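The values are calculated or read from the model by the stated rules, or taken from the named source; none is laboratory data. What you see is a predicted model; the values in this text were computed from it and never measured. Reconstructed Cβ throughout: ideal geometry from the backbone, glycine too, with neighbour counts over all protein chains shown.
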Amino acid sequence: MNTQNTEHRAQSTDNAGSALIITLLIVTILVALVVEFAYEVYIDTTSLSNWENAQKASLIAKSGQALSARYLAELKDRKYTDIGEFTMPVEKDLGPNTQLILRLEDENAKFNINSIIYAENGKTNDKALLSLQRLLEYLEMDTKLALSIADWIDPDSEPRLPDSEDNAKNSHLWNIEELRTVPGIEKSIFDKISPFITVFGDNLININTARLPVIMSLSGDITETLAEQIIAYRESSPFENRTYVQRVSGMESIGITINDRITEKSSSFRITSRATVNEITRIVESVTDTSNKIYFWREG
Ligand SMILES: [Ca+2]
């Protein structure tokens with residue numbers, strides 16, 4: 001990730017950030033009232049303080065989710081989106097020893113690993129499977145892993161490789177962590193590929209936000225140099241329409257071949273809301289779309 005670029009994007013969302021902070025102030029007051037009320041019910045004073053901190057942190061983290069969702073809803077009316085990821089600490093004005101960090105990640109910037117098997121008929125999507133193989137190749141991994149993953153997901157039990165159907169789920173993945181159960185996906189492999197993959201969204205890759213390996217996975221004709229040129233082009237002028245990628249020198253005809261697999265606008269985002277009150281931290285994660293439909297929710 002280009003650090004400068006991240007900072008630039010974070011700055012461009014300052015207005016949204018200010019709006020979030022103001023709303024958070026109101027939410028914090030409400031949280032304090034709720035916790036004060038619940039506090040009265042408890043008698044055990046030894047664990048009371050931590051319990052109170054945990055309750056506050058949990059409520060603030062959930063509020064962070066709600067506020068981020070509101071921000072996403074505003075993106076729905078935009079012509080295009082170019083927010084790949086940004087982290088926004090909301091340290092001020094939340095009260096003493098209280099911190100909230102919101103992180104948004106574009107799921108449309110990633111390759112949807114479920115797309116290699118059609119949901120409608122369980123057949124293999126050959127184009128998507130090739131993309132996954134190219135992604136693995138670029139990351140210097142065994143491209144055969146793509147076949148193991150395909151067998152893990154597809155409904156039939158005909159192995160593409162010896163043992164690749166053993167204990168297979170034979171169904172689409174609910175989260176990317178499930179990949180760890182596929183034979184051959186060791187932790188080191190998972191850690192390397194996980195930033196570039198998702199199991200959510202509409203299978204379209206946002207050409208404004210996809211990182212280099214994901215752009216290269218779209219076509220065998222997209223070289224590393226060409227992918228770098230796409231990134232350089234969008235930094236000065238984001239693609240307001242997916243077809244504009246054809247304006248990048250060298251992409252005139254390749255752009256047409258990937259037109260049905262890309263978009264200029266993202267719909268799904270991963271929101272991580274991390275609240276800390278007096279050193280007690282609660283994290284709420286979700287994948288939410290710009291219509292505020294929630295696909296995944298985890299509290300910890
Ligand atoms: Ca299978």
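Descriptive notes on the structure:
- The residues on offer are Ile176, Ile205, Ile153, and the sole one that is farther than 17 Å from Glu107 by Cα and touching a strand residue (DSSP E or B) at 6+ places or on another chain (Cβ under 7 Å) is Ile153.
- Within the stretch 236-261, the set of residues being among the hydroxyl-bearing types (Ser, Thr, Tyr) and part of a helix (DSSP H, G or I) comprises Ser236, Thr243, Tyr244, Thr257.
- Scanning the stretch 135-177 for residues that are of a type in the set (Val, Ile, Thr) and within 12 Å of the ligand (Cβ to nearest atom) gives Ile149, Ile153.
- Test result for Met251, touching a helix residue (DSSP H, G or I) at 6+ places or on another chain (Cβ under 6 Å) and free of Cβ contacts under 8 Å to residues at least 40 places away in the same chain: yes
- Set side by side, the residues Thr281, Thr209, Thr288 differ, and just one is part of a loop (DSSP other than H, G, I, E, B), within 22 Å of the chain's Cα centre (by Cα) and modelled with pLDDT of 95 or more, which is Thr209.
- Inter-residue pairs, beta-carbon under 9 Å, first within 15 Å of Gly122 (Cα to Cα) and in a helix (DSSP H, G or I) and in the stretch 145-161, second near the ligand (Cβ under 7 Å from one of its atoms) and among the polar types (S, T, N, Q), 6+ apart: Asp151/Ser157; Asp151/Asn170; Trp152/Asn170; Ile153/Asn170
- Candidates Glu264, Glu252, Glu235, filtered to the one that is on the phi < 0 side of the Ramachandran plot, under 22 Å from the mean Cα position of the chain (by Cα) and surrounded by fewer than 19 Cβ atoms within 10 Å (Cβ to Cβ): Glu235
- Of all residues making up the stretch 184-202, the number that are surrounded by fewer than 18 Cβ atoms within 10 Å (Cβ to Cβ) and either in contact (Cβ under 8 Å) with a residue 60 or more places away in the chain or part of a helix (DSSP H, G or I) (or both): 8
- Here the condition is being of a type in the set (D, E, K, R) and crowded, with 17+ Cβ neighbours inside 10 Å; of Glu177, Glu165, Glu137, Glu158, it holds for Glu165 alone.
- Test result for Asn167, modelled with pLDDT of 95 or more and of a type outside the set (Gly, Ala, Ser): no
- Failed item in (1) modelled with pLDDT of 60 or more; (2) under 23 Å from Thr281 (Cβ atoms), with Ala109 passing the rest: (2)
- Given (1) within 28 Å of Arg242 (Cα to Cα); (2) away from the ligand (no atom under 13 Å from the Cβ); (3) buried (at least 17 other Cβ atoms within 10 Å of the Cβ); (4) in contact (Cβ under 8 Å) with a residue 12 or more places away in the chain, index of the condition Ala119 fails: (3)
- Qualifying residue in the stretch 22-40 (condition: surrounded by fewer than 20 Cβ atoms within 10 Å (Cβ to Cβ), modelled with pLDDT under 90, over 30 Å from Ser171 (Cβ atoms) and small (Gly, Ala, Ser)): yes
- Each residue in the stretch 47-77 was checked for being out of contact with any Leu (no Cβ under 6 Å at 6 or more places or on another chain) and within 21 Å of Ser286 (Cβ to Cβ), and 19 pass.
- The single residue among Leu132, Leu204 that is away from the ligand (no atom under 16 Å from the Cβ) and at pLDDT 95 or above turns out to be Leu204.
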